[in-house]
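*Asks:* Input: one structure, supplied below.
The values are calculated or read from the model by the stated rules, or taken from the named source; none is laboratory data. Computed from a predicted structure; not experimentally measured. Ideal geometry is used to build each Cβ from the backbone, glycine not excepted, and the neighbour counts take in all protein chains shown. Heads up: the accessible areas ignore ligands, DNA and RNA and are worked out on the full protein's heavy atoms, side chains in. Shrake-Rupley method; radii C 1.70, N 1.55, O 1.52, S 1.80 Å.
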Amino acid sequence: MLCERCQQRPANVHLTEITNGQKNESNLCEVCAREMHLQGLSFNFLPQMSLQNFLAGLLKHDPGIGQAAHADVAGKSCEKCGLMERQFVKQGLLGCGHCYKSFEERLEPLLRRIHGSSKHSGKVPERAGGPLRQAREIESLKNQLREAIKLEEFERAVEIRDRIRELEKDMKQGGKQPDAGQGNI
Amino acid sequence: MPVKEIFNNPNSRWMDDDGPETGVIISSRVRVARNLKDLPFPHLLDQEKSENVVSTVTPAFQNEETFREDRFEFFRISELSPVERQILVDKHLISPDLLNKLEGKAVVLREDGVVSVMLNEEDHLRIQCLLPGLKLERAWEIVEKVDNGLEKTLDYAYSEKFGYLTACPTNTGTGMRASVMVHLCGLVLTRQLNNMLNAVHKLGLTVRGLYGEGTEALGDLFQISNQITLGQSEGEIIANLNSIARQILAQERSARTVLFKEKKEMIMDRAWRAFGILKNARVMTSEEVMRLISDLRLGVDLGILPAMPLKLLNELMVMTRPAFLTQLAARDMEPHQRDIFRAELVRNGLSGLDGLAG
């Protein structure tokens, strides 16, 4: 049997479609079948559920996330990249890093819904996170200090205290790049 | 091998069988998403601006000594042939999404395919490391080295509160997706897969088919990855996935043992039948090859079939996909011709192995 569409290649895709009780059969070759599929003929049984669509749905319908801002959805936009909040709700994609500031109120509950948290606790980049890196190190040293005092390891405690003072001095002077020897936290 | 060999040699480092637990866990992957500060995310960039991303990022590769010791090469996706593009997808070196729109899209590849950096996918940079077997910590180490090297000259979009800022809020924070590719034929055959999937979902992980979102699980191969990127550190994400991967590994192993004990004839027949067909068939579709290779893997793992390198099976999976077949044949083929050529390739691949071990 030849393909009904091109009348050239053998028909090896046999498609039966039932729409509103109407049965429709077609016999196609693989090439035509693929082309028709691309034109949107229902070949795929399940619509592709993309993460972005899902997210967009969440933003639209979730009362905790969507409604509060729903009334003024059209209004807000990011001053840096110009992305409208409405675009974000539709596509589920932000426009630039600054969008996280522009839409912070709306993003926080969403992030909590997705990740169960809205606070980063992972890697701090060496350069972009310079001061933050130091702040985190001080924080962790302070914990170690408390621990050392609790265990009555006073010599270690003194060392840690000195290290904290040093770091705090550095931070006050400001802008000093952390040297490579400082460990990751 | 020169980087260009990536398109002619079916092998990539992840297909080797020297990694831990390769009988079940084929490969481990870690990728992080990074964006440049002060530039809109790729979906808002026109051609000119997306070129800006490319011209900002490429010097960062040249400056850094990390990159000088390894061989990296830069490819513009628009300058690759459609077949070459698809080969990179089939080898898991780029995502199918990178091919949606070609403008400004590029990839930087290390010659062995262990490291690839996609430019202008959903985010400006996606840094990936892919290794054979269960090796998530090592993969993260390698990614981190590349990431730190690039950050020396690139300004990343980062906030203290939300971490690395990404186009999609599902990646924000660490920007990290860690995954393992697993062969779960035992759980499929003993019908325990759904139980396992439910458990894995409850632990905050996702399970997908071989080629990512929305693809089916060909050849009983699944990808298991973390979902959460915010509020957990990279180390926690890796440790969590690692321990769950070990659990799944143990379950799959016990399913295989039970099958071998209680359905020995059935399993032996399946393995030998697959071996027989692969060694002798004259016309084969890609799906059939994937299905039979799954049976073959199980047969080899249980010692039913003569030992054969898993590397060969991994390579056959990629070689027999339409893109690589076209590349090898050096001409376009009708699907039917491809099925004939594919069968020939598989026969040749397995020709050195004989079936006298049973």
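*Asks:* Of the options B:Ile340, B:Asn280, B:Pro309, report the single residue whose Cα projects farthest towards the positive end of the charge dipole of the stretch B:263-353 (beta-carbon charges: Lys, Arg +1; Asp, Glu -1).
*Replies:* So the residue we want is B:Pro309.
*Asks:* State the Kirkwood hydrodynamic radius of chain B in Å, one decimal place, computed from all pairs of distinct Cα atoms. All intermediate terms of the calculation are to be shown ahead of the outcome.
*Replies:* Values: mean 1/r = 0.0469 Å⁻¹.
The answer is 21.3 Å.
*Asks:* Also, I was wondering about something else. Rule-of-thumb check for the stretch B:263-353: C-alpha Rg over 2.2 N^0.38 Å?
*Replies:* In units of the globular-protein estimate, the stretch B:263-353 measures up at 1.08.
*Asks:* For a test of the definition: using alpha carbon positions, the gyration tensor, and the 1.5 limit on a/c, classify the stretch A:130-173 as rounded, prolate or oblate.
*Replies:* oblate
*Asks:* Ok, one more. B:Glu265 versus B:Val83, label points 7 Å from Cα toward the beta carbon: distance in nm?
*Replies:* 4.7 nm
*Asks:* About its Cα centre, what dipole magnitude does chain B give when the only charges are +1 on Lys and Arg Cβ and -1 on Asp and Glu Cβ, stated in debye to the nearest 20?
*Replies:* 1080 debye
*Asks:* Counting only other chains, what is the mean number of Cβ atoms within 10 angstrom of the Cβ of each residue in peptide B:37-47?
*Replies:* The mean count of partner-chain Cβ atoms within 10 Å per residue comes to 4.
*Asks:* Between B:Asn100 and B:Ser55, how high is the FRET efficiency from 1/(1 + (r/R0)^6) when r is the Cβ-Cβ distance and R₀ = 25 Å? Nearest 0.05.
*Replies:* That pair, B:Asn100 with B:Ser55, gives E of 0.70.
*Asks:* What relative contact order, as a whole-number percentage, does the stretch B:135-183 give when Cα pairs under 8 Å and 6 or more residues apart are counted?
*Replies:* It rounds to 20 percent for the stretch B:135-183.
*Asks:* Report, by chain and number, residues whose modeled amide H sits under 5 Å from the one on B:Asp17, excluding near sequence neighbours (fewer than 5 apart, same chain).
*Replies:* Excluding prolines and chain starts, which carry no amide H, the hits are B:Lys311.
*Asks:* Please report the spacing between the Cα centers of the stretch A:1-22 and the stretch A:88-145 in Å, no decimals.
*Replies:* Using only Cα atoms, the two centres lie 54 Å from each other.
*Asks:* Let me ask another. Dipole size in debye (nearest 20) for the protein assembly as shown around its Cα centre, Lys and Arg Cβ +1, Asp and Glu Cβ -1?
*Replies:* Values: 71 positive and 75 negative charges, 177 e Å.
Here the size comes out at about 840 debye.
*Asks:* Taking square-rooted eigenvalues a ≥ b ≥ c of the alpha carbon gyration tensor, is the protein assembly as shown rounded, prolate or oblate, where a/c under 1.5 means rounded and, failing that, a/b exceeding b/c means prolate?
*Replies:* prolate
*Asks:* Would you look at the GNM of chain B, springs on alpha carbons closer than 10 Å, and say which of B:Gly186, B:Gly231, B:Gly209 moves the most?
*Replies:* Largest GNM mean-square fluctuation: B:Gly231.
*Asks:* Right, next: In whole percent, what relative contact order does the stretch B:186-345 give with Cα contacts below 8 Å and a gap of six or more residues?
*Replies:* Rounded, it is 20 percent for the stretch B:186-345.
*Asks:* What lysines does B:Lys264 reach when the alpha-carbon gap must be under 28 Å and sequence neighbours fewer than 8 apart in one chain are set aside?
*Replies:* Qualifying lysines at Cα under 28 Å: B:Lys279, B:Lys311.
*Asks:* I've got another one for you. Using a Gaussian network model on chain B with a 10 Å cutoff between Cα atoms, which of B:Val115, B:Val188, B:Val200 fluctuates the most?
*Replies:* Looking only at B:Val115, B:Val188, B:Val200, the biggest GNM fluctuation is shown by B:Val188.
*Asks:* Check A:Lys76: other-chain or 5+ apart residues with amide H under 5 Å from its amide H, H built from backbone geometry?
*Replies:* Here A:Glu85 satisfy the definition.
*Asks:* For the stretch B:78-93, take each phi angle, set θ = phi - 60°, evaluate the Karplus expression 6.51 cos²θ - 1.76 cosθ + 1.60, and give the result in whole Hz per residue in order, putting x for glycine and proline.
*Replies:* These are the phi-based 3J(HN,Hα) values: 5, 8, 8, 6, x, 5, 4, 4, 5, 4, 5, 5, 4, 8, 6, 8 Hz.
*Asks:* Ignoring ligands, DNA and RNA, what percent of the accessible area of the protein assembly as shown is carbon or sulfur (1.4 Å)? Don't skip to the answer; put the middle values down first.
*Replies:* Values: 12830 of 26090 Å².
Solvent-exposed carbon and sulfur of the protein assembly as shown make up 49 percent of the total.
*Asks:* While we're on this one: Return the loop-located GluC sites (Glu not before Pro) in the stretch B:143-215 (DSSP other than H, G, I, E, B) with at most 14 other Cβ atoms within 10 Å of their own Cβ; answer none if there are none.
*Replies:* On the way: sites: B:Glu144, B:Glu151, B:Glu160, B:Glu213; in loops: B:Glu160, B:Glu213.
Those satisfying the criteria are B:Glu160.
*Asks:* Take the alpha carbon atoms of the stretch B:1-84, find their radius of gyration, then divide it by 2.2 N^0.38 Å using N residues; give the quotient.
*Replies:* Here the Cα radius of gyration is 1.42 times the empirical estimate.
*Asks:* Using the heavy atoms of the protein chains and a 1.4 angstrom probe, tell me the accessible area per residue for the protein assembly as shown in square angstrom.
*Replies:* Per residue, the protein assembly as shown has an accessible area of 48 Å².
*Asks:* Further question on the same structure: In Å² (nearest 100), what accessible area is buried between A and B, both sides summed, heavy protein atoms only, 1.4 Å probe?
*Replies:* Details: alone 13710 and 15920 Å², together 26090 Å².
Summing both chains' loss of accessible area gives about 3500 Å².
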